[in-house]
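Report on one structure; see the data block that follows.
What follows is calculated from the coordinates using simple rules that are stated; it is not laboratory data. Worth saying up front: this structure is predicted, and the values here are computed from it rather than measured. Positions of Cβ are backbone-derived with ideal geometry, glycine not excepted, and every protein chain shown enters the neighbour counts.
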Amino acid sequence: MGMIDLNDAVSLLQAKRKELADQLAAVDKALDALRGTGPVTTAPEGSPQEATESAPDTVLPTRLKSPRTLSDEHKHALNEGRRKARHAQDAAAGLARELTEPLPSQASASKADGQQPRLVKRTKH
């Protein structure tokens, strides 16, 4: 029977060792990801600051502002401003008459004396 070549056996064992070390590194990486910690690696030969900047330890959540909505009065004022601007353009082009200030009889009751209009829809209690 032939004699086993020791160099082949050593190279085979070293290859197996490298394969197992790679598998162990993959398991360590998965465990670190599940724990939420950064991977345990050796620092590169460069400056230690570069290693800490490339892999942040904590992730800060993004704060979202609540959506802003306009009040009904503000929406009405914007619409009124657009209407007046549109009318002013039409008047400048000669397509409409100049607007005059509304007469007190035409003004809504809520703006005339600061109170609610007299005729309002009542809700049942």
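I'm trying to understand the selection: among the residues of the range 68-96, which are surrounded by 10 or more Cβ atoms within 10 Å (Cβ to Cβ) and hydrophobic (A, V, I, L, M, F, W, C)?
Of everything in the range 68-96, those that are surrounded by 10 or more Cβ atoms within 10 Å (Cβ to Cβ) and hydrophobic (A, V, I, L, M, F, W, C) turn out to be Leu70, Ala77, Leu78, Ala85, Ala88, Ala91, Ala92, Ala96.
So which pairs qualify, if the first residue must be in the range 17-32 and touching a residue at least 12 places away in the same chain (Cβ under 8 Å), the second must be among the acidic types (Asp, Glu), the Cβ gap must be under 6 Å, and the two must be at least 6 apart or on different chains?
If the second residue must be among the acidic types (Asp, Glu), no pairs are left.
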